[in-house]
Amino acid sequence: MNLPELYPAPDEITLTAVRAQGAGGQNVNKVSSAIHLRYDVKASSLPEVIKARLLRLRDHRITKDGVIIIKAQLHRSQELNRADALARLHELVNSVARIPAARIATKPTKGSKLRRLEGKRHHAERKALRRHVVSSMD
């Protein structure tokens, strides 16, 4: 069951401008261009199935309280970082909306079985040739 594209409600998302980390000189030190995005999964209007899948994810961005925290600081401008954070949230939410197809178990073909056994035979012969042969020339 694949659900349609899900967009978290904008009023459920908290965006905070903070100073970015790393190199960049004066711009990094004085301009709050990085964005902290917080999204409470438990209090969201997402379908219950999606909430449960999100909370089951082993993702470092999801806290024990069920809050997704995304820090975007890739770009120099606040607008681009805001768009990046929202896109990453959208991608995370929609990654659990798609159910992976169930794997169908298959059996090895006759040819693959023969190749495997032939390879094993060659390996055994190669190892047998390494044996120390004692000759009885008495």
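No value in this document is a laboratory result; all are computed from the given coordinates. Being a predicted model, the structure only gives us computed values, none of them experimental. Virtual Cβ from ideal backbone geometry, glycine too; neighbours counted across all protein chains shown.
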(message) At a threshold of 8 angstrom on Cα-Cα distance, excluding pairs fewer than six apart, so keeping six or more, what relative contact order does the stretch 10-97 reach in percent?
(response) 30 percent
(message) Per 0.36 nm of contour for each residue apart, how much would the distance between residue 109 and residue 90 grow if the chain were fully extended, relative to their Cα-Cα spacing?
(response) 2.6 nm
(request) Restricting things to alpha carbons, find the Rg to Rh ratio for the stretch 68-107 using the Kirkwood radius for Rh. (result) 1.31
(request) Give the angle, between 0 and 90 degrees and rounded to the nearest 10, that separates the Cα long axis of helix 78-95 from the longest principal axis of the Cα atoms of the chain. (result) 50 degrees
(request) Just subtract the alpha-carbon distance of residue 57 and residue 32 from 0.36 nm times their residue separation and send over the number in nm, one decimal. (result) 6.0 nm
(message) Quick check: convex hull of the Cα atoms in the stretch 10-97, volume per residue, rounded to a whole Å³?
(response) 93 Å³
(request) Mind putting a number on the dipole of the stretch 1-71 about its Cα centre? Charges go on the C-beta only, +1 for Lys and Arg and -1 for Asp and Glu, and I need it in Debye to the nearest 20. (result) 360 debye
